[in-house]
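Novice: Pasting in a structure now, in structure tokens, and then I'll have a few things to ask.
The values are calculated or read from the model by the stated rules, or taken from the named source; none is laboratory data. Note that the structure is predicted; figures quoted are calculated from it, not measured. Note: ideal-geometry Cβ built from the backbone for every residue, glycine included; neighbour counts use all protein chains shown. The protein model used for the area step is the full one, side chains on, heavy atoms only, and it has no ligands, DNA or RNA in it. Shrake-Rupley method; radii C 1.70, N 1.55, O 1.52, S 1.80 Å.
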Amino acid sequence: MISTNTFRKIKPIIFLAIIAPSFLWTFQLINGSLGVNPIEKLMDNLGEMGLRLIIATLLISSLSEFKKLRFLIDIRRMIGLFAFFYVSCHFLTYIALDHFFDIKFIFIVVSSFFNKLIFELISSNKSFFLNNGLGILAKSENSFTKCSISLICLVIVSRYFVKLLFLSNS
């Protein structure tokens, strides 16, 4: 079993090992050695690394339940934050380098995200947001129904504007 103090000394090495690929890929992008389609390769590398770190975070959460592996909890948060970093870089690379900040595309992506978020918030009676978050907005079941209907109307209107953007472009 590794003690927590010993493991804390290894933590900077793990930090450098996780961040090093992003520096390598940035250098390769600037140098032009990422291949024929460098933007796609960079996006794929960032996305895969983000997924690997998410899986590692979940694995550490499961393994930390064993008494001899409790020291892994100390790096779970760091790995989770790096997973968020890589996924955010993947998303920003997609928006900035692949689509060159196309306003219509960004609007479509953001509206789709909020549409999904709205339906997630109102889809289940056992949802945390439904019971704790939206419960504050809706004091009774009747007012919650009105709140849900207004959110669904907002989704329908935003989808109408997305269709207008597509039709006006052709």
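Novice: Scan region 36-61 residue by residue and report those that are free of Cβ contacts under 8 Å to residues at least 40 places away in the same chain and open to solvent by 50 Å² or more (accessible area, probe 1.4 Å). Walk me through it before giving the result.
Specialist: Residues of region 36-61 free of Cβ contacts under 8 Å to residues at least 40 places away in the same chain: 36-38, 41, 44-45, 48-49, 51-61.
Within region 36-61, VAL36, ASN37, LYS41, ASP44, GLU48, LEU51, ARG52, ILE54, ILE55, LEU58, LEU59 meet the criteria.
Novice: Also: Mind checking which residues of region 19-34 are of a type in the set (A, V, I, L, M, F, W, C) and either buried (at least 16 other Cβ atoms within 10 Å of the Cβ) or not in a helix (DSSP H, G or I) (or both)?
Specialist: TRP25, LEU29, LEU34
Novice: I need the full set of residues from region 73-92 which are crowded, with 17+ Cβ neighbours inside 10 Å and either closer than 16 Å to ALA17 by Cβ or among the hydrophobic types (A, V, I, L, M, F, W, C) (or both), in order please.
Specialist: ILE75, ARG76, ILE79, GLY80, PHE82, ALA83, PHE85, TYR86, VAL87, CYS89
Novice: Select from region 1-18 the residues that are open to solvent by 60 Å² or more (accessible area, probe 1.4 Å) and in a loop (DSSP other than H, G, I, E, B) and list them in ascending order.
Specialist: Answer for region 1-18, where residues must be open to solvent by 60 Å² or more (accessible area, probe 1.4 Å) and in a loop (DSSP other than H, G, I, E, B): MET1, ILE2.
Novice: Filter region 23-50 down to residues that are among the hydroxyl-bearing types (Ser, Thr, Tyr) and closer than 21 Å to HIS99 by Cβ, then give me how many there are.
Specialist: Summing the residues that are among the hydroxyl-bearing types (Ser, Thr, Tyr) and closer than 21 Å to HIS99 by Cβ in region 23-50 gives 1.
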